[in-house]
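Visitor: Have a look at this one before I ask anything.
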Amino acid sequence: MILRVGDLELDTAKAEVRRGGVSLPLRAKELAVLQVLLERRGRVVSREQLREACWDVHHEPGSNVEEAAISALRRKLGEPPVIRTRRGLGCVVD
């Protein structure tokens with residue numbers, strides 16, 4: 001399946017991400033987070049939802065791995081921003 005938002009494209013079958021036709025190397029967790037956000041496009045995804053979808057259930061609850069993955073994704077995806085934060089709620093891809 002290919003998920004698209006603007007010039008961003010995620011090919012889930014090949015686990016490949018392109019922005020403006022340029023391939024972007026992502027780590028497995030970054031790819032998983034991006035896929036969840038793209039699949040739920042237009043809907044806010046909470047930290048808890050990301051944790052349940054992308055990390056082991058034994059993952060330490062006080063950790064900030066979700067924020068770290070989102071931050072890395074933002075850097076790698078570049079401008080204009082694709083992922084937006086809804087303060088106190090989570091992240092969304094419009």
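Visitor: Rank 21, 49, 80 by how far each Cα sits towards the positive end of the charge dipole of the chain (+1 on Lys, Arg Cβ; -1 on Asp, Glu Cβ) and give me just the farthest.
Guide: Of the listed residues, the answer is 80.
Visitor: Report, in deg cm²/dmol and to the nearest 500, the calculated mean residue ellipticity at 222 nm for the chain, where each DSSP H run with n ≥ 4 adds -39500 (n - 2.57) and the sum is divided by the residue count.
Guide: Details: 3 runs with 33 residues, N = 94.
My calculation for the chain gives -10500 deg cm²/dmol from helical runs alone.
Visitor: Compute the length gained on full extension between residue 84 and residue 13: take 0.36 nm times their separation in residues and subtract their Cα-Cα distance, giving the result in nm to one decimal. Kindly include the intermediate steps, with their values, before the conclusion.
Guide: Working: separation 71, 0.36 × 71 = 25.56 nm, distance 2.54 nm.
Answer, rounded to one decimal: 23.0 nm.
Visitor: Report the semi-axes of the equivalent ellipsoid for segment 2-93 in whole Å, largest first, where each axis is √(5λ) for an eigenvalue λ of the Cα gyration tensor. Please report the intermediate quantities before stating the final value.
Guide: Numbers: eigenvalues 88, 41, 28 Å².
Semi-axes, largest first: 21, 14, 12 Å.
Visitor: Only four residue types carry charge here, +1 at the Cβ of Lys and Arg and -1 at the Cβ of Asp and Glu. Report the dipole size of the chain about the Cα centre in Debye, rounded to the nearest 20. Walk me through the intermediate numbers first.
Guide: Values: 17 positive and 14 negative charges, 55 e Å.
Roughly 260 debye, rounded to the nearest 20.
Visitor: Using label points projected 7 Å from each Cα along Cα→Cβ, tell me how many nm separate residue 47 and residue 67, to one decimal.
Guide: For residue 47 paired with residue 67, the spin-label model returns 0.6 nm.
Visitor: Can you give the local net charge around residue 43? Use residues other than it whose beta-carbon is closer than 11 angstrom to its beta-carbon, Lys and Arg +1, Asp and Glu -1.
Guide: Details: positive: 40, 41, 86; negative: 39, 94.
Around residue 43, the surrounding residues sum to +1.
Visitor: Now a separate question. When a footprinting reagent is the concern and you count Cβ atoms within 10 Å, what order do 52, 16 take, fewest first?
Guide: 52, 16
Visitor: Let me ask something else about it. Any chance you could check the Cα centroid distance between segment 1-64 and segment 70-94 for me, in angstrom?
Guide: The two parts, judged by their Cα centres, are 11 Å apart.
Laboratory data are not the source of any read-out in this text; all were calculated from the coordinates shown. Quantities reported herein were computed from a predicted structural model and do not represent experimental measurements. Because the Cβ atoms are built from the backbone with ideal geometry, glycine has one as well, and the counts that use them run over all protein chains shown.
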